[in-house]
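Student: Just dropping this structure here.
The values are calculated or read from the model by the stated rules, or taken from the named source; none is laboratory data. Note that the structure is predicted; figures quoted are calculated from it, not measured. Every residue, glycine as well, gets a Cβ built from its backbone with ideal geometry; the counts of neighbours run over all protein chains shown.
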Amino acid sequence: MKAEIIAIGTEILLGQIVNTNAQYMAEELADLGIDVYFQSVVGDNRDRIKQALQIASERSDLVVCCGGLGPTADDLTKDVIADFTQSKLVIEKQAEEKILELFKGGSDTLITSNKRQANTIEGSHLLKNEVGLAVGFVHKYQDTYYAVLPGPPREMKVMFEQEFKPLIDGLLGEREKLYSKYLKFGNIGESAVEDTLKELIIKQDNVSIAPYAGIGEITIRLSVKANSPEQAETYFEKVAKQIRDLLGDHLYSEENESLEQALAQHKIAGFGVYEVNTNAYLSHRVLSSDAPNENLVISTTKVEKHSITEALAESQFTDFIENNNLKNAIGLFHCQISQASVTPSGRPKKRFFIALCVNNQVSIIERTFIGDMQAVQIRAAKTALFLLLKVL
């Protein structure tokens, strides 16, 4: 099945809000085995919404419209779809009762405008709204399904998960679904990953290989259509093994998790973080985990006026460990806060010492990173997390 997502709302076109709904729905539809080939955004204009529906109907089996279900005059989605599909809008009684109860004692105008949110197309599949007022629906017209969901992300996600997803799953019946597997890498750049895997990517067959770059870490997503998770895993394993053979030294996880999330899985006892001449990004990342270490010790020094040598880094790091009775720790030292170094092409170059302590064994690693200060500090912190994970 081919799907298209149409986001409706002038505020999206003006950049006043970010269209996160499309990202969520595209991922969820892919999990259902539905291919999303097109996405579009259209403002609150009757003619342009109708034009978008006409284009979508000619190339997609499922058109998912999101937004424009509110009580105001510019919330036109249901009216335009009813007109486009030559259908009749009717009031859904339970939704109407919910609105009447909420606005009891309000003006007739207020009640009338809000009752629009209870509209659905006659004979369509109703999508209840458990956290808001505007109901959605799925309506079939001339071999194309038209789905309507609310714009507020919280309402949309609950309706999608509880109402829309089970309905579409049942309508489509037995079919192949899209499955994904994630391989996560650190301490390597995007270009190096792509160069190493270029032959595999060129020759990819039923399993697609897609690298995604972030500062300091790389994700490779493997995707395949299969009849079951077990069948998908058999397809994945051959390709994953080839990638492990090529990039195994940089692999830190086979789950879709960040470096700091992977580190949190270790539940390290007696653990601390020490930073000098940084913006404390490493400490922030360790603390940002969903399950941060309860006894984590954090210490940061904003500015060390003197250039930091390896001996000074080791001395300060060891003192931090001993003063706090730690067995494990990670440290990050920006060596020269006042002197800028550049590459031959003029790009800024920064030296760091990364300090590791695992089971009272201390090691100091020197690294140089190229780029602006913010990117360099993120990359240095991510590299430190990766190196600690590899030691662990």
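Student: Which condition breaks for residue 225 when tested against (1) touching a Ser or Thr at 6+ places or on another chain (Cβ under 8 Å); (2) charged (D, E, K, R); (3) in a strand (DSSP E or B)?
Tutor: Against the list (1) touching a Ser or Thr at 6+ places or on another chain (Cβ under 8 Å); (2) charged (D, E, K, R); (3) in a strand (DSSP E or B), residue 225 comes up short only on (1).
Student: Taking the condition surrounded by fewer than 18 Cβ atoms within 10 Å (Cβ to Cβ) and under 30 Å from the mean Cα position of the chain (by Cα), does residue 368 pass? Break it down into steps so the answer makes sense when it comes.
Tutor: Working: surrounded by fewer than 18 Cβ atoms within 10 Å (Cβ to Cβ): yes; under 30 Å from the mean Cα position of the chain (by Cα): yes.
Spelling it out, residue 368 is indeed surrounded by fewer than 18 Cβ atoms within 10 Å (Cβ to Cβ) and under 30 Å from the mean Cα position of the chain (by Cα).
Student: Within the stretch 350-364, track down each residue that is closer than 14 Å to residue 309 by Cα and either under 32 Å from the mean Cα position of the chain (by Cα) or among the acidic types (Asp, Glu) (or both).
Tutor: Matches in the stretch 350-364: 350, 351, 352, 353, 354, 355.
Residue-wise test of (1) within 29 Å of residue 19 (Cα to Cα); (2) in contact with a His (Cβ under 7 Å, 6 or more places away or on another chain).
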| position | (1), (2) |
| --- | --- |
| 65 | yes, no |
| 74 | yes, no |
| 77 | yes, no |
| 85 | yes, yes |
| 95 | yes, no |
| 98 | yes, no |
| 109 | no, no |
| 113 | yes, no |
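Student: Residues that are under 13 Å from residue 151 (Cβ atoms), at least 1 per element: which helices (runs of 4 or more DSSP H) completely within the stretch 1-80 meet that?
Tutor: Details: elements: 10-13, 20-31, 46-57.
Answer list for the stretch 1-80: 10-13, 20-31.
Student: Right, another one. Can you tell which of 362, 273, 286, 303 is outside the structural domain of residue 218 (by TED's automatic domain parsing), outside any loop (DSSP other than H, G, I, E, B), among the hydrophobic types (A, V, I, L, M, F, W, C) and exposed (fewer than 15 other Cβ atoms within 10 Å of the Cβ)?
Tutor: One residue alone meets the criteria, 362.
Student: Go through (1) outside the structural domain of residue 82 (by TED's automatic domain parsing); (2) not in a helix (DSSP H, G or I) for residue 140 and report which single condition fails.
Tutor: Condition (1) is where residue 140 drops out.
Student: Give just the number: which of (1) surrounded by fewer than 17 Cβ atoms within 10 Å (Cβ to Cβ); (2) in contact with a helix residue (DSSP H, G or I) (Cβ under 9 Å, 6 or more places away or on another chain) does residue 145 not satisfy?
Tutor: (1)
Student: Could you tell me which numbered condition residue 195 fails, if it satisfies all but one of (1) buried (at least 19 other Cβ atoms within 10 Å of the Cβ); (2) in a helix (DSSP H, G or I)?
Tutor: (1)
Student: Here's a check for you: in the stretch 248-269, which residue that is in a helix (DSSP H, G or I) and either touching a strand residue (DSSP E or B) at 6+ places or on another chain (Cβ under 6 Å) or closer than 19 Å to residue 282 by Cα (or both) is modelled with the highest pLDDT? Quick ask: steps written out before the conclusion?
Tutor: Taking the stretch 248-269 as the starting set, the residues that turn out to be in a helix (DSSP H, G or I) are 248-250, 259-264.
If we keep only those that are either touching a strand residue (DSSP E or B) at 6+ places or on another chain (Cβ under 6 Å) or closer than 19 Å to residue 282 by Cα (or both) as well, we get 250, 259-264.
Working: 250: 95, 259: 91, 260: 89, 261: 89, 262: 90, 263: 90, 264: 87.
If we take residues in the stretch 248-269 being in a helix (DSSP H, G or I) and either touching a strand residue (DSSP E or B) at 6+ places or on another chain (Cβ under 6 Å) or closer than 19 Å to residue 282 by Cα (or both), then 250 is modelled with the highest pLDDT.
Student: Please determine, by comparing only the residues of the stretch 1-34 that are crowded, with 17+ Cβ neighbours inside 10 Å and among the charged types (D, E, K, R), which one is nearest to the chain's Cα centre (by Cα).
Tutor: 28
Student: Take the residues in the stretch 64-85 that are of a type outside the set (A, V, I, L, M, F, W, C) and under 14 Å from residue 114 (Cα atoms), then tell me which one is surrounded by the most Cβ atoms within 10 Å (Cβ to Cβ). Lay out the reasoning, then the answer.
Tutor: If we filter the stretch 64-85 for residues that are of a type outside the set (A, V, I, L, M, F, W, C), which is where we start, we get 67-68, 70-72, 74-75, 77-79, 83, 85.
Going one step further and asking which of them are under 14 Å from residue 114 (Cα atoms), we end up with 68, 70-72, 74-75, 78.
Details: 68: 27, 70: 21, 71: 17, 72: 11, 74: 13, 75: 20, 78: 23.
My answer is 68.
Student: Another question about this same structure. Among the residues of the stretch 184-198, is there at least one that is within 16 Å of the chain's Cα centre (by Cα) and modelled with pLDDT of 90 or more? Quick ask: steps written out before the conclusion?
Tutor: The initial filter retains those residues of the stretch 184-198 that are within 16 Å of the chain's Cα centre (by Cα), namely 184.
Checking the rest, the ones that are also modelled with pLDDT of 90 or more come to 184.
Checked against the condition, which is being within 16 Å of the chain's Cα centre (by Cα) and modelled with pLDDT of 90 or more, the stretch 184-198 yields at least one hit.
Student: What's the total number of residues in the stretch 97-125 that are outside any helix (DSSP H, G or I) and either surrounded by fewer than 11 Cβ atoms within 10 Å (Cβ to Cβ) or in contact with a strand residue (DSSP E or B) (Cβ under 6 Å, 6 or more places away or on another chain) (or both)?
Tutor: 9
Student: Can you tell which of 51, 94 is among the polar types (S, T, N, Q) and modelled with pLDDT of 95 or more?
Tutor: Numbers: 94 fails: modelled with pLDDT of 95 or more.
Selected residue: 51, the only one of 51, 94 that is among the polar types (S, T, N, Q) and modelled with pLDDT of 95 or more.
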